[in-house]
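Taken together, the values in this text are just the output of simple stated rules run on the coordinates, not laboratory data. What you see is a predicted model, and the numbers here were worked out from it, not measured in a lab. All Cβ positions, glycine included, derive from the backbone under ideal geometry; neighbour counts span all protein chains shown.
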Amino acid sequence: MASLKEIVTKAVIGKTKKASKDTFEIPVDYDISNVLGCWVINHNFSGVDDNGKAKIKGSYDVNVWYSYDDNTKTNVIVKTFSYDDIINVNLKSKDVLTDSREIIVRSLTAPQVSDVKVDGKLIKVTVEKEIGVEIVGDVKMRINAEEDFDDYEEEDNVKDLEMNITDDYLNGVNQK
C-alpha cells in the first residue's frame, strides 16, 4: 500500500506583467530648435506588498540632448522621474498576499522613449516599459511514497555487488 508524504517548498504562486506608458514634461531655459537624442538610464525598482497587491516603486533618468539658438548650440538635460505602479497579481491558490510572501520584480522591457515633442521651452517625453511580477510562497504537495526507507537493507545489496566483482573485470573493459 502506498503511503502519502507531504512536502513543503517555495514555489511561484502568482505571476503577471504590466505594460505602461507615461508622459512627462521637462522645462528648459531656451527655445529648442531640435531634439538630437533622448534616452533612459539608471532604472531602479523594487516591489512591496500594498494591502494584498504588489506595489512597484521605481525611478529612472531621462536624458534629452537638444539644440537651440537656431541650431548653433547644444545642451543635455537630465531629469529623474519616479513611479509607483500597483499591480494586482492573481494567486494560483486561494491565499492572499502577506508579508511571508516574496515579491520578485523584473523589467521585461526596459524603459525607453517612444515619443518626444517640443513646445517652445517644454519637452514632452513619452516613456514605455513592461514590468513582470512573481509572487513566491510556501506550498504543500502530497506525493505517493512507494518505498519506505525503514524496509530497505543496504547490507544485502552491497553483498550482491561484491559477489559480481572479479579481478579481471577491468581487463575485460579495456579490451573492448
message: Compute, for the stretch 3-146, the length of the dipole vector about the Cα centre, with Cβ point charges of +1 (Lys, Arg) and -1 (Asp, Glu) only. Units Debye, rounded to 20.
response: 700 debye
Under 14 Å, Cβ to Cβ, from residue 112 - net charge with Lys/Arg +1 and Asp/Glu -1: -3
query: If we sort 67-78, 27-38 on the protection proxy, mean other Cβ atoms within 10 Å, highest first, what's the order?
result: 27-38, 67-78
statement: With 0.36 nm assigned to each residue of separation and the Cα-Cα distance removed, residue 55 to residue 126 gains 23.4 nm
task: Scale the Cα Rg of the stretch 3-146 by the rule-of-thumb value 2.2 N^0.38 Å and send over the ratio, two decimals.
output: 1.52
task: Enumerate the lysines that residue 5 could reach by cross-link, defined here as Cα to Cα under 18 Å, with residues fewer than 8 away along the same chain left out.
output: 140
query: Using the beta-carbon distance between residue 74 and residue 140 and R0 = 41 Å, what value does 1/(1 + (r/R0)^6) give for FRET efficiency, to the nearest 0.05?
result: 0.10
